[in-house]
Amino acid sequence: MYSPSKAKTQTYANVGLESSVMSASPHHLISLLFDGAVNALLRAKILIEQGDSPNHIAEKGVAISKAVGIIDNGLRASLNPEIDGELADNLDSLYGYMTERLVHANLKNDVTAIDEVVKLLTNISDAWKEIDPAAGA
């Protein structure tokens with residue numbers, strides 16, 4: 001059901017996010033990617049727990065696809081093996097593993113797999129935030 005107030009709220013949220021992205025440092029942009037992937041996965045988990053209605057199944061698939069897109073096209077694409085060498089290779093492998101687990105989670109409605117990926121993303125995100133170059137300024 002269409003709700004004018006919900007549409008206005010969503011528009012306001014989109015403008016706020018766009019403003020945040022436009023003014024963000026490259027380091028902060030990566031943090032936003034981590035947050036976006038985790039939020040999408042938490043949404044997918046809630047949808048799985050709410051049941052198997054056709055609407056929930058479709059929305060869960062969209063949420064997991066969003067997280068996979070962020071991991072593959074954002075986090076993974078930002079890796080630079082020429083500069084970061086072994087670390088980039090290890091993260092690339094870990095991101096690939098996360099994608100595999102999310103495909104499994106989507107097919108099997110496996111909340112445990114989603115929780116596993118959320119934990120991995122959160123651990124990497126926390127480490128990433130610890131090395132924020134702006135924090136020292």
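Figures for the structure shown
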{"read-out": "Which listed residue is surrounded by fewer than 15 Cβ atoms within 10 Å (Cβ to Cβ) and more than 28 Å from Leu47 (Cα to Cα), from Gly85, Gly96", "value": "Gly85"}
{"read-out": "Contacts under 8 angstrom Cβ, first residue in segment 67-86 being within 19 Å of Val117 (Cα to Cα), partner among the hydrophobic types (A, V, I, L, M, F, W, C) and surrounded by fewer than 16 Cβ atoms within 10 Å (Cβ to Cβ), 6 or more apart", "value": "Val68/Val103"}
{"read-out": "Condition met for Gly36 (loosely packed, with under 14 Cβ neighbours inside 10 Å and small (Gly, Ala, Ser))", "value": "no"}
{"read-out": "Residue satisfying all of: in segment 123-137; under 17 Å from Arg76 (Cβ atoms) and loosely packed, with under 14 Cβ neighbours inside 10 Å; modelled with the lowest pLDDT among these", "value": "Ala127"}
{"read-out": "Residue check for Ala63: in contact with a Leu (Cβ under 6 Å, 6 or more places away or on another chain), among the small types (Gly, Ala, Ser) and modelled with pLDDT of 95 or more", "value": "no"}
{"read-out": "Qualifying positions in segment 34-58 - under 15 Å from Leu102 (Cβ atoms) and of a type outside the set (Lys, Arg)", "value": "Phe34, Gly36, Ala37, Val38, Asn39, Ala40, Leu41, Leu42, Ala44, Leu47, Ile48"}
{"read-out": "Residue match in segment 108-119 (condition: polar (S, T, N, Q) and part of a loop (DSSP other than H, G, I, E, B))", "value": "yes"}
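The values are calculated or read from the model by the stated rules, or taken from the named source; none is laboratory data. Small disclaimer: the values here were computed from a predicted structure and weren't measured. Virtual Cβ from ideal backbone geometry, glycine too; neighbours counted across all protein chains shown.
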